[in-house]
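Structure record follows, encoded as structure tokens.
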Amino acid sequence: SAFAIRWMRAASFFGAANGPAPMLRLAKAPAPAAAKAGAPAKAPPSKPTGKAAAKGKDSAAAAPADAPGPVDPDVVRGVNIFKTGKDPKALADSEYPPWLWTLLEPRPTDTELYARFEADRRSLTLREAKRCLKLMNRRRIKEHNETHSKK
């Protein structure tokens, strides 16, 4: 059959020079020793009850391991990603690069981008041009899907 031919080709590709390797029989997994001796199976660990179960917390884990210390205004907390490292000190605003402060400025909307793209394509930055083309392509795909949908 075609299946046997494909199987033999695959077997010869993986190194079986004299045809396919013999099939191995899968044995059942051995039963645990307790089940063989007729002893009853162990019960699963008990689940917490009461308020701890309702909150999904264990009573032993209710207390925090390490409470936060005093807050230092010169240290940026939560930025350290290393296990043994320390949080970095905050710098003065003049020590950061100027592009950092532009990240919080709002991006132009898609209609503003389309208008600027139609007026003068060279007025857009590379990032704005890429975003505009991506939005235009997304709009084109949605319009195509709406016109060609099977309803």
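The values are calculated or read from the model by the stated rules, or taken from the named source; none is laboratory data. As the structure is a computational prediction, the values presented were derived from the model and not from experiment. Neighbour counts run over all protein chains shown; Cβ positions are idealised from the backbone, glycine included. With ligands, DNA and RNA removed, areas are computed over all heavy atoms of the protein, side chains included. Shrake-Rupley method; radii C 1.70, N 1.55, O 1.52, S 1.80 Å.
Annotations
- Lys89 paired with Leu103, simple spin-label distance in nm, labels 7 Å along Cα-to-beta-carbon: 2.2 nm
- Within straight-line cross-link reach of Lys89, aspartates and glutamates at Cα separation under 14 Å, skipping those fewer than 8 residues along the same chain: Asp72, Asp74
- Ser149 - accessible surface, heavy atoms, 1.4 Å probe, Å² rounded to 10: 50 Å²
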